[in-house]
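Below: one structure, written as structure tokens.
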Amino acid sequence: MPEPDDGLVPIGRVGRPHGLDGAFFVERASEDEQRWVVGATVIVDGEPAVITLSRRAGGGRRAIRLDRAVERGAELAVPRSDLPEPGPDSYYAFELVGLTVVDESGRELGRVVTVHSGLANDNLELDAGTLVPLIEDAIREIDVEAGRVVVAAGFLGG
């Protein structure tokens with residue numbers, strides 16, 4: 001499976017302004033608190049920017065200020081090499097996007113277009129809109145290198 005463009009991993013998007021000090025809400029913010037510490041560097045429009053202020057705001061959402069102006073909607077990213085290696089049987093969501101999903105007989109069910117975080121479990125969304133829960137009863141194998149996810153036979157009613 002291909003890595004994100006330029007080896008960068010999205011960690012959020014510049015959202016609407018928050019306050020009068022140049023801060024903005026981060027849309028789809030990474031849950032990794034280390035990404036948002038003051039002094040951390042993020043990549044915006046291909047150029048580094050340093051976080052100069054970080055706080056929780058309305059509803060616990062992340063708000064930050066950078067050392068330079070950025071456009072609303074711009075992607076915030078970090079180099080893939082800055083991420084710790086996931087543990088055994090653990091994956092980053094971006095690693096699963098694009099994988100082919102098949103049942104145990106090899107019948108193709110679709111491709112992963114996004115991963116939805118949930119309270120009880122995460123779900124893979126396939127290109128046809130089907131949701132596959134990331135639970136042991138449903139997922140038999142994830143092979144990022146081979147680019148596929150194997151789903152338990154009959155789990156999706158096929």
Tell me, which residue of the range 106-141 that is charged (D, E, K, R) and part of a loop (DSSP other than H, G, I, E, B) is surrounded by the most Cβ atoms within 10 Å (Cβ to Cβ)? 122
Evaluate the following for residue 140: is it in contact with a strand residue (DSSP E or B) (Cβ under 7 Å, 6 or more places away or on another chain), assigned by TED's automatic domain parsing to the domain that holds residue 32 and not aliphatic (A, V, I, L, M)? no
Mind telling me which of the residues 124, 119, 66, 76 ends up being closer than 18 Å to residue 148 by Cβ and of a type outside the set (D, E, K, R)? 124
Exactly one of these conditions fails for residue 124: (1) in contact with a helix residue (DSSP H, G or I) (Cβ under 7 Å, 6 or more places away or on another chain); (2) within 15 Å of residue 12 (Cα to Cα). Give me its number. (2)
Can you name the residue in the range 76-89 that is surrounded by fewer than 19 Cβ atoms within 10 Å (Cβ to Cβ) and not in a helix (DSSP H, G or I) and, of all such residues, is modelled with the highest pLDDT? 79
Return the residue satisfying two criteria in turn: it lies in the range 90-105 and is touching a strand residue (DSSP E or B) at 6+ places or on another chain (Cβ under 8 Å) and assigned to a loop (DSSP other than H, G, I, E, B), and of such residues it is nearest to residue 155 (Cα to Cα). 104
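Table: residues versus (1) surrounded by fewer than 18 Cβ atoms within 10 Å (Cβ to Cβ); (2) part of a strand (DSSP E or B); (3) at pLDDT 90 or above; (4) among the small types (Gly, Ala, Ser).
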site	(1), (2), (3), (4)
10	yes, yes, no, no
14	no, yes, yes, no
20	yes, no, no, no
26	no, yes, yes, no
31	yes, no, no, no
39	yes, no, yes, yes
42	no, yes, yes, no
48	yes, yes, yes, no
53	yes, yes, yes, no
With of a type in the set (D, E, K, R) and free of Cβ contacts under 8 Å to residues at least 40 places away in the same chain as the only criterion, which of 95, 75, 33 stands out? 33
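The values are calculated or read from the model by the stated rules, or taken from the named source; none is laboratory data. Because the structure is predicted, anything quoted here is derived from the model rather than measured. Glycine gets a Cβ as well: all are built from the backbone with ideal geometry, and neighbour counts include every protein chain shown.
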